[in-house]
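The structure under discussion appears below in the form of structure tokens.
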Amino acid sequence: MKFLETAIYAVMVRTYFYFEETGRSNSFEHFPYLKTLTEHFTDDALEIWERHEGIQAARYFELLRSIGDGEDVDPVVHTALDLCLAVTCVPEFAVYLNYYTGNTATVQLAFELEGSAFPTHENIVDKLRKLQKICRVDWKKVPLSCAAVEADHRLLSHLFVEKSTGDGMLPPSVFRDGEWYLCEEPLHPLFVHQELADECAEWLGTRRSRSVLQIAGAGGRRFLAKHIARLLGQNLFLVSAEKCKDFFTEAAGDLKGELIRELFWQKGMFCLYGLQAEMFDKWQVTEEAFWKEVVQPLLDMGLPVLLCTEGRYSFYDSSMIGKRVELNPLTREERQQVFEGFADMYGLPIDCVRYSVRYRLAAEEIARAMELWRQDESRTEQTFARISTQLLSGRSKKALGSISYPTVGFDDLKVPDEVRGVLEQICCSAMNGYRIFEEWGLGQQYPYGRAVTVMLSGPPGTGKTMTAQVIACELGLPLYQVDLSSVMDKYIGETEKHLEDIFSFAEKTNVVLFFDEADALFGKRGEVTEGRDRYANMEVAYILQRIEQFDGIVILSTNFYNNIDKAFLRRMKYAIKYQMPDEAIRRSIWESCLPAEQFREELDITYLATQFEFTGGMIKNVVLKASVTAVHKGERLSMEHLLQAIRAEYGKMEWPVAAGMWGEYGYLMM
């Protein structure tokens, strides 16, 4: 007879004699099957059982010691477990107990069998908490001493299946989206915050129970939690805070019990991530209720809890948190360390200083971007810019602009030499500004207002949008053109939220932020004559403050320079006023716009540049219209096609067409 079989028969016999002593004589009379089974409980079987030999006995007593936190085996818990196994393996015994007690396996009966019929409430709770680590417990039962204790498949497998070790990965049904990190799994190094991981692991290691570690702040919280678990040699179960809403449903009891048993079998710690203040309003619960229903049950079981919270969130009662650490956004030097770490790990030759300046990513975002970039065959900086931008833009809830990857450079932009010199200075400032603040030591003098801010003004078609594209192309960065129609909202406060989303996204990806026709958003503040004026002025004040805090590249363009609020102009480090192009520049634009294979003597570029004072945008329109006409007629591009397109452009602009304006080519327009 095996050890557990004997243990089951033994507790059945003990129960029978206890009923005899308490006036329930001959209780097996109506349960002949139980009487037959217990006859197998012989002196020989008892003698073998008392020696506690074999794998079943070893597992059984190790389990009892482990649920008692390594203490000596608790006799009441021992007996309760035997009762639990007996009613599970012998269903008729469950009927027998219910017939005589009105319940099945309970700690009350275990207390009585151990000679203590009147346990205190605290004592009952203590035994049930120990049993809950491996059994289902009905905590809703009144009185609690009569709560049913039931075995689940994991317990039975651990005790009865010889090859089972009880630690197979069986995720809780209610936490299918949870993630198990096993401490034996490989984990790439912490390129930053290693000292913090050591500190937290040491703190948790000195506390066996009732430990809450809060990891707040910027990205990388879960990865830090995994490293802490690895240092402690414990597995870690990570669950999104969104699942906590299930703790406030009717299934909460089963949920907590299943989670506790899973953590016990896996010898794991619990990590709840993504917790933020808005969730409590969403669930319509208080922080106190959250703590009582989610955190405290785990602490009562002696299980450490790690809370990864968004931002700088703090609990109303800081005394509840044993230790709180906060991850600040990575500095430029820390980003360089992370880039260097992944470059060494993957064997990628990249300029880590340059990348740390350009991409203000969190550590986890750098990790993901580097992994995707490593898989790309080209591995150019433009590719990395595209990957990092798409990685973050995929999280955006609403499209507030469009992202492009310009290919036009300085050679494509036809501007005066002095304008080109300013543009080169702008690019230099964006690429090397960190040297001024770090290497030259001017960072303390400029704690804010480090953004490279550019104001482009001038008539339509003079090259403002193209200038923004050229700057982005020269820097190798995407251009994020803001859609002001999506940003500006009639509801108070929504415009500021949209702007915050835009600036936060730009800070992470270091896209070139471009506000076209910016006077709609950055216009002059007016006198407050009604409530809406007051909030409009507040929006302007918010934008001013956000630009001061920004540490990237912002380009504003406007057709009406005088309409821009002076406070914005003061914050612009560079201001370029575009004028109508002179004849030399117009000639250069005509040459660059006309198809190279169509350059023939009959295309009089000198005449076109001299005769028509067009902007670059107008010249592009003319060339495109003329080319379409030529293709439609199956002809080569000619002066006639160009002059007809010019006349159409005059008509579109409602400009008068004089009879003698065509000069020597007037015969073509007759």
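I need the trypsin sites (Lys or Arg not before Pro) found in region 559-619, filtered to DSSP loop residues with at most 13 other beta carbons within 10 Å of theirs.
Values: sites: LYS566, ARG570, ARG571, LYS573, LYS577, ARG586, ARG587, ARG600; in loops: LYS573, ARG600.
Answer by residue number: ARG600.
Per the helix-only calculation at 222 nm, which mean residue ellipticity applies to the chain, given -39500 (n - 2.57) for every DSSP H run of n ≥ 4 and division by its residues, nearest 500 deg cm²/dmol?
Details: 30 runs with 335 residues, N = 670.
Value at 222 nm, helices only, nearest 500: -15000 deg cm²/dmol.
Please compute, for the alpha-carbon atoms of the chain, the extent along each of the three principal axes and give them in descending order in Å.
Over the chain, Cα extents along the principal axes are 129, 58, 49 Å.
What is the sum of charges, Lys and Arg at +1 and Asp and Glu at -1, for the other residues whose Cβ falls under 12 Å from the Cβ of LEU361?
Taking every Cβ under 12 Å from that of LEU361, the sum is +2.
If the only charges are +1 at each Lys and Arg Cβ and -1 at each Asp and Glu Cβ, what is the size of the charge dipole of region 18-149 around the Cα centre, to the nearest 20 debye?
Working: 12 positive and 21 negative charges, 157 e Å.
Dipole size: approximately 760 debye.
If we count every other residue with Cβ under 11 angstrom of ALA10's Cβ, Lys/Arg +1 and Asp/Glu -1, where does the sum land? Before the final figure, lay out each step's value.
Numbers: positive: ARG14; negative: GLU5, GLU50, ASP82.
Cβ neighbours under 11 Å give a net charge of -2.
Report, as a whole number in µm² per second, the diffusion coefficient that Stokes-Einstein gives for region 346-430 at 4 °C and 1.567 mPa s using the Kirkwood radius over alpha carbon pairs.
Numbers: Rh = 15.3 Å.
Answer, rounded: 85 µm²/s.
By how many degrees, 0 to 90 and rounded to 10, does the Cα axis of helix 494-509 deviate from the longest principal axis of the chain?
For 494-509 against the chain, the angle is about 90 degrees.
Between their Cα atoms, which of LYS256/LYS508; LYS2/LYS130; LYS256/LYS497 are more than 31 Å away from each other? The partial results should precede the final answer.
Working: LYS256/LYS508 38 Å; LYS2/LYS130 25 Å; LYS256/LYS497 37 Å.
Beyond 31 Å: LYS256/LYS508; LYS256/LYS497.
Quick one: helix 464-475 against the long Cα principal axis of the chain, what's the angle to the nearest 10°, folded into 0 to 90?
In the chain, helix 464-475 runs at an angle near 60 degrees to the longest axis.
Report the Rg/Rh value for region 565-670, based on alpha-carbon coordinates and the Kirkwood definition of Rh. It would help to have the intermediate numbers written out before the result.
Values: Rg = 16.6 Å, Rh = 15.3 Å.
Dividing the radius of gyration by the Kirkwood radius yields 1.09.
Placing unit charges on C-beta atoms (Lys and Arg positive, Asp and Glu negative, everything else neutral), compute the dipole magnitude of the chain about its Cα centre in debye, rounded to 20. The partial results should precede the final answer.
Working: 73 positive and 98 negative charges, 277 e Å.
Dipole of the chain, to the nearest 20 debye: 1340 debye.
For the chain, what relative contact order do you get, as a whole percent, if you take Cα pairs closer than 8 Å and at least 6 residues apart? Walk me through the numbers on the way to the answer.
Numbers: 915 pairs, mean separation 59.2, N = 670.
Computed over the chain, the figure is 9 percent.
If Rh is defined by the Kirkwood formula over all Cα pairs and Rg also comes from Cα, what ratio Rg/Rh do you get for region 26-156?
On the way: Rg = 15.0 Å, Rh = 15.6 Å.
Ratio of gyration radius to Kirkwood radius for region 26-156: 0.96.
At most 16 other Cβ atoms within 10 Å and a DSSP loop assignment: could you name the chymotrypsin sites (Phe, Trp or Tyr not before Pro) in region 553-656 that fit?
Values: sites: PHE560, TYR561, PHE568, TYR574, TYR578, TRP590, PHE599, TYR607, PHE612, PHE614, TYR650; in loops: PHE560, TYR578, PHE599, PHE612, PHE614.
Filter output for region 553-656: PHE560, PHE599.
Above 21 angstrom, tally the Cα pairs of region 303-375 and express them as a % of all pairs, no decimals.
On the way: 1105 of 2628 pairs.
That fraction is 42 percent.
Report, in degrees rounded to the nearest 10, the 0 to 90 angle that the Cα long axis of helix 221-232 makes with the longest principal axis of the chain.
40 degrees
What is the antiparallel percent of DSSP beta bridges lying wholly in the chain, to the nearest 5? Numbers along the way, then the final one.
Numbers: 12 of 49 bridges.
The antiparallel fraction comes to roughly 25 percent.
Rule-based calculations on the coordinates, nothing more; no lab input. Owing to the predicted nature of the structure, the values given are computational and were not obtained by experimental measurement. Here the Cβ is made from the backbone with ideal geometry for all residues, glycine too, and neighbour counts use every protein chain on show.
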